[in-house]
Structures are given as C-alpha cells and as structure tokens.
Amino acid sequence: MTNRYPYTLDNGHGELLIFTGVTRESDGQRVDVEGVSQPGAGPPMHVHYLQDEAARVVSGRMGYQLPGEAPKFAEAGEVVAWPAGTPHKWWNAGTTELRMTGWCKPPDNIEFYLSAMFKSMKENRGRPGLFDSAFLLTRYRSEYGMLELPAFVRVVIMPIVYVLGHALGKYKKFKDAPEPRKA
C-alpha cells in the first residue's frame with residue numbers, strides 16, 4: 001500500500017498498528033508491524049488464508065485462541081505464530097497496555113485490508129460499516145476471513161450487499177484497491 005514507513009493505523013477503539021517496513025528474506029518478503037492494544041481490545045476470530053503471522057509480546061499479556069480450544073496466554077518475550085490458514089483471535093488479556101511486534105508473510109494485501117477496515121471501524125463507532133465490510137470480505141475472500149460472522153452471512157449476505165454497494169456507487173473510495181491474491 002505504501003512505501004512510507006512507519007505509519008500508524010488507529011481503529012479508534014483500543015487498537016493501534018504501526019507498519020514499520022518490509023523485510024526481504026531468502027524465501028520472500030514480510031511486512032513488519034508493531035501493535036498497541038488496550039485491555040480487552042483485539043480482533044475477532046479470523047484467518048489469513050495465504051499468510052503466516054507471528055506476534056511477540058513486548059509488554060503486557062496477550063490472550064489468544066484457536067476455534068474449539070481453551071484460551072492460552074503469552075507474556076513479555078513470548079512469541080506466538082499462526083501458519084497460513086489457521087483460524088485464530090488474540091486480545092489484550094491484561095489490565096495494562098499490550099505492546100507487541102510481529103509480521104505477516106508474504107505481505108500481500110494486509111496493509112490495504114487493515115487500513116480500510118480500521119478506517120471504517122473508526123468512522124462507525126467500533127464496527128466496520130456494512131458496505132465496507134461487504135467490499136473487503138467479498139473482494140479479499142481468497143486472503144482473509146472473519147469467522148465470527150455466521151457462514152450464511154459470509155457466503156450469501158455479504159456478496160449480495162457487495163453487489164448492491166456497487167449498484168449504489170458505494171465503492172468509489174476503493175477505486176485503487178489492489179487486486180486480490182490467489183492461492
């Protein structure tokens with residue numbers, strides 16, 4: 001999305017992400033991120049279908065969970081990694097600010113996706129707007145999934161809202177959206 005690092009995303013509801021740059025490695029690239037999360041804040045159950053993700057707790061206490069499993073916790077210095085295709089969620093499980101560093105590999109469209117999602121959340125009091133959600137979840141369904149939405153909503157309702165949003169001209173702000181990545 002940008003080559004001007006670092007830059008910060010703020011969802012207005014307890015989460016900040018600071019994209020710090022892209023690291024080139026022998027087997028590809030990764031985007032490096034710092035995160036700050038207030039107590040209780042964190043994303044819902046989601047999946048990166050094409051990206052590995054990792055987070056290292058700098059300070060505070062991170063809770064994390066896979067579907068059907070008991071919550072686990074990571075303290076300062078601990079690293080948690082989620083291979084591509086692993087559904088997960090994480091949150092600030094402490095009473096103080098959670099600070100983390102991490103990465104997504106390969107970067108793909110994570111910067112665009114999270115920038116648009118955080119902006120919509122900030123504009124809509126903590127939840128992304130319906131048309132924004134429909135655009136992001138439908139266009140980038142090969143890359144990301146929000147698993148706390150019921151399957152019927154993800155598979156039927158969001159694509160219908162996506163088509164309706166196009167008909168109503170709701171997606172002019174996304175005219176420069178990158179093409180979705182395929183497996």
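The values are calculated or read from the model by the stated rules, or taken from the named source; none is laboratory data. What you see is a predicted model; the values in this text were computed from it and never measured. Cβ atoms come from the backbone with ideal geometry, glycine included; neighbour counts cover every protein chain shown.
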Close pairs (6 angstrom Cβ cut-off, 6 or more residues apart or separate chains): within 15 Å of Met62 (Cβ to Cβ) and outside the structural domain of Pro87 (by TED's automatic domain parsing) in the range 28-46, buried (at least 16 other Cβ atoms within 10 Å of the Cβ) and aromatic (Phe, Trp, Tyr) anywhere: none
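Residues checked against (1) touching a Leu at 6+ places or on another chain (Cβ under 7 Å); (2) at pLDDT 95 or above; (3) surrounded by 21 or more Cβ atoms within 10 Å (Cβ to Cβ):
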| residue | (1), (2), (3) |
| --- | --- |
| His46 | yes, yes, no |
| Ile110 | no, yes, yes |
| Arg127 | no, no, no |
| Leu136 | no, yes, yes |
Filter result for Gly169 (part of a helix (DSSP H, G or I), over 30 Å from Ala76 (Cα atoms) and more than 12 Å from the chain's Cα centre (by Cα)): no
Long-range neighbours under 6 Å by Cβ, at least six apart or interchain, first residue over 19 Å from Val47 (Cβ atoms) within the range 76-103, second hydroxyl-bearing (Ser, Thr, Tyr) and surrounded by 14 or more Cβ atoms within 10 Å (Cβ to Cβ): Ala76/Ser59; Asn92/Ser37; Leu98/Ser37; Arg99/Ser59
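From the set of residues in the range 156-165 that are of a type in the set (A, V, I, L, M) and more than 19 Å from the chain's Cα centre (by Cα), which is nearest to Ala134 (Cα to Cα)? Outline the logic, then answer.
Initial filter on the range 156-165 (of a type in the set (A, V, I, L, M)): 156-158, 160-161, 163-164.
Right, trim to more than 19 Å from the chain's Cα centre (by Cα) and you get 156-157, 160-161, 163-164.
On the way: Val156: 11, Ile157: 8, Ile160: 8, Val161: 6, Val163: 9, Leu164: 10 Å.
Residue satisfying both the conditions and the ranking: Val161.
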Residue within the range 12-29 that is of a type in the set (Ser, Thr, Tyr) and in a loop (DSSP other than H, G, I, E, B) present: yes
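Quick check on the range 95-107. Is at least one of its residues part of a helix (DSSP H, G or I), buried (at least 19 other Cβ atoms within 10 Å of the Cβ) and either aromatic (Phe, Trp, Tyr) or over 13 Å from the mean Cα position of the chain (by Cα) (or both)?
First, the residues of the range 95-107 that are part of a helix (DSSP H, G or I): none.
Taking every residue of the range 95-107 in turn, none turns out to be part of a helix (DSSP H, G or I), buried (at least 19 other Cβ atoms within 10 Å of the Cβ) and either aromatic (Phe, Trp, Tyr) or over 13 Å from the mean Cα position of the chain (by Cα) (or both).
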Any hit, the range 110-120, residues being assigned to a helix (DSSP H, G or I), charged (D, E, K, R) and closer than 30 Å to Asp27 by Cβ: yes
